[in-house]
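**Student:** This is the structure I want to talk about, given as structure tokens.
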Amino acid sequence: MNNNRYREVPGGEEPMLEEMTNTSMQKDGPGIMMDPGETLVAMYNAAINRVELAIANLGSDENALQENILKAKEIITNLSRALDYSYNEELCTNLEMIYFFMLGRLSSAGKDKNLDDLSIVLRHLSDMRDTWRQAVDAQHSEKSAIE
């Protein structure tokens with residue numbers, strides 16, 4: 001992640017923007033500005049949504065199953081790419097291993113149509129999202145107290 005307070009996400013150019021429609025966004029000029037913590041939570045929400053859709057497609061719609069697994073993998077890959085090792089190398093290394101684990105499970109789920117693999121990924125994503133949500137909320141509370 002960059003060190004700016006906000007990260008610009010150009011409207012229409014970022015495919016994950018559609019995935020993040022249920023987040024707090026502010027319109028500001030030509031793009032959409034999102035708090036980095038909110039962006040992170042939104043990405044987890046988008047990945048969770050895709051895994052839930054993949055679970056719903058198991059045994060009924062092979063194309064939708066594969067598409068949702070692919071989208072979840074893309075989001076997790078982007079989470080991995082956003083890691084800033086200069087901030088906390090140990091944390092980033094641990095997150096990278098978890099992301100790699102989830103990507104492997106998603107690949108297995110796509111190949112074997114395995115509910116267990118999808119459920120494990122869903123649980124990890126939900127736990128990680130909830131942890132980040134708590135951190136973001138705490139940061140916002142601290143800011144409000146200072147202002």
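**Student:** Quick check on this structure: which one of R123, R105, R129 is among the basic types (K, R), modelled with pLDDT of 95 or more and over 16 Å from N49 (Cβ atoms)?
**Tutor:** Being among the basic types (K, R), modelled with pLDDT of 95 or more and over 16 Å from N49 (Cβ atoms) holds for just one of R123, R105, R129, which is R105.
**Student:** Here is a follow-up. Could you pull out the residue among E52, E62, E96, E38 that is farther than 28 Å from D137 by Cβ and of a type in the set (D, E)?
**Tutor:** Values: E52 fails: farther than 28 Å from D137 by Cβ; E96 fails: farther than 28 Å from D137 by Cβ; E38 fails: farther than 28 Å from D137 by Cβ.
After applying the criteria, what remains is E62.
**Student:** Among (1) over 20 Å from M34 (Cβ atoms); (2) in contact (Cβ under 8 Å) with a residue 24 or more places away in the chain; (3) surrounded by 14 or more Cβ atoms within 10 Å (Cβ to Cβ), which single condition is G59 missing?
**Tutor:** (3)
The values are calculated or read from the model by the stated rules, or taken from the named source; none is laboratory data. Since we're looking at a predicted model, the values are computed, not measured. Backbone-built Cβ (ideal geometry, glycine too); neighbour counts: all protein chains shown.
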